[in-house]
Amino acid sequence: QKEVEQDPGPLSVPEGAIVSLNCTYSNSAFQYFMWYRQYSRKGPELLMYTYSSGNKEDGRFTAQVDKSSKYISLFIRDSQPSDSATYLCATLTGGGNKLTFGTGTQLKVEL
Amino acid sequence: SAVISQKPSRDICQRGTSLTIQCQVDSQVTMMFWYRQQPGQSLTLIATANQGSEATYESGFVIDKFPISRPNLTFSTLTVSNMSPEDSSIYLCSVSGLAGVDVETQYFGPGTRLLVL
């Protein structure tokens, strides 16, 4: 079993839709949860990160962590074609440096 | 954030040869890492590049295959040695420990796309 599971998609939505991207993880020691966005032929770009359980909002993006169910979510409101990319979830143990990634979900927002 | 550059951006190599990838950051950082991204697979940490000492390798990766240098706080190299087609991948440098930024935050370079024939 992979430590971080993520549906690879592809996920296709119309412009303006609310997008929900999700990951599950197995290691209870993970305390930091990140979301990266990766455009084609580019390196991953950090979108948001949260510590422990709870929600964090940044503009159209909301990250949500439920440690009791080991579930990580990223919501994108009013999705735009420019949001089309691969979204990677990643986790980190407290005091650690090694990021553990999901495989990424490919998102396409269509006009 | 940091501006991270990698050279080369892409290369096509023959099996049995070696390629050295460079990573340059525009500010001093505490930590530098090397990852591999293979199609359909998760980004996987190869090693942590330690300044002035040997790199720390993850399970499944060895120094003879992936020698790493880190001569200072802004530069590192990864060499892919004795390449085979299975080494075809994207290799990514990442950094953390920028001044004024949470140490948990890692920034990635643009990647080096390697194809081994």
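Restricting attention to the stretch A:7-23, which residues are within 14 Å of another protein chain (Cβ to nearest Cβ) and modelled with pLDDT of 95 or more?
Residue satisfying the conditions is A:C23 alone.
Does the stretch A:24-40 contain at least one residue that is polar (S, T, N, Q), within 23 Å of B:Q38 (Cβ to Cβ), in a strand (DSSP E or B) and away from chain B (no Cβ under 13 Å)?
Looking through the stretch A:24-40, at least one residue is polar (S, T, N, Q), within 23 Å of B:Q38 (Cβ to Cβ), in a strand (DSSP E or B) and away from chain B (no Cβ under 13 Å).
Answer yes or no as to whether A:G9 is of a type in the set (G, A, S) and buried (at least 19 other Cβ atoms within 10 Å of the Cβ).
No, not satisfied.
Which condition does A:Y51 not pass, out of (1) touching a strand residue (DSSP E or B) at 6+ places or on another chain (Cβ under 6 Å); (2) closer than 27 Å to B:Q38 by Cα; (3) at pLDDT below 95; (4) surrounded by 14 or more Cβ atoms within 10 Å (Cβ to Cβ), if it passes all the others?
Failing condition for A:Y51: (2).
Looking at A:T91, is it open to solvent by less than 60 Å² (accessible area, probe 1.4 Å), within 11 Å of chain B (Cβ to nearest Cβ) and hydroxyl-bearing (S, T, Y)?
Considered against the rule, which asks whether it is open to solvent by less than 60 Å² (accessible area, probe 1.4 Å), within 11 Å of chain B (Cβ to nearest Cβ) and hydroxyl-bearing (S, T, Y), A:T91 comes out as yes.
Given the conditions (1) within 25 Å of A:Y36 (Cα to Cα); (2) of a type in the set (A, V, I, L, M); (3) surrounded by 14 or more Cβ atoms within 10 Å (Cβ to Cβ), and given that B:M83 satisfies all but one, which numbered condition is not satisfied?
Condition (1) is where B:M83 drops out.
Within the bounds of the stretch B:42-51, is there any residue that is in contact with a Lys or Arg (Cβ under 9 Å, 6 or more places away or on another chain), more than 28 Å from A:Y51 (Cβ to Cβ) and within 14 Å of chain A (Cβ to nearest Cβ)?
The answer is no; no qualifying residue exists.
Restricting to the stretch B:27-52, name every residue that is of a type in the set (D, E, K, R) and open to solvent by 50 Å² or more (accessible area, probe 1.4 Å).
Once the filter is applied, which keeps residues that are of a type in the set (D, E, K, R) and open to solvent by 50 Å² or more (accessible area, probe 1.4 Å), the stretch B:27-52 yields nothing.
Write out, first by first residue and then by second, each pair whose Cβ atoms fall under 7 Å of each other, whose residues are 6+ apart or on separate chains, and whose first residue, in the stretch B:58-71, is within 14 Å of B:M32 (Cβ to Cβ) while the second is in a loop (DSSP other than H, G, I, E, B) and open to solvent by less than 50 Å² (accessible area, probe 1.4 Å).
B:I68/B:A55; B:R70/B:N50
Are there any pairs with C-beta distances below 6 angstrom linking a residue in the stretch A:16-32 that is at positive phi to a residue that is exposed (fewer than 14 other Cβ atoms within 10 Å of the Cβ), with the two at least 6 apart or on different chains, and if so which?
These pairs meet every condition: A:G16/A:D78.
The values are calculated or read from the model by the stated rules, or taken from the named source; none is laboratory data. Predicted model, so just to flag it, every value in this text is computed and none were measured. Neighbour counts are summed over all protein chains in view; Cβ atoms, including those assigned to glycine, are modelled from backbone coordinates with ideal geometry. Only protein heavy atoms, including side chains, enter the accessible area calculation; ligands, DNA and RNA are left aside. Shrake-Rupley method; radii C 1.70, N 1.55, O 1.52, S 1.80 Å.
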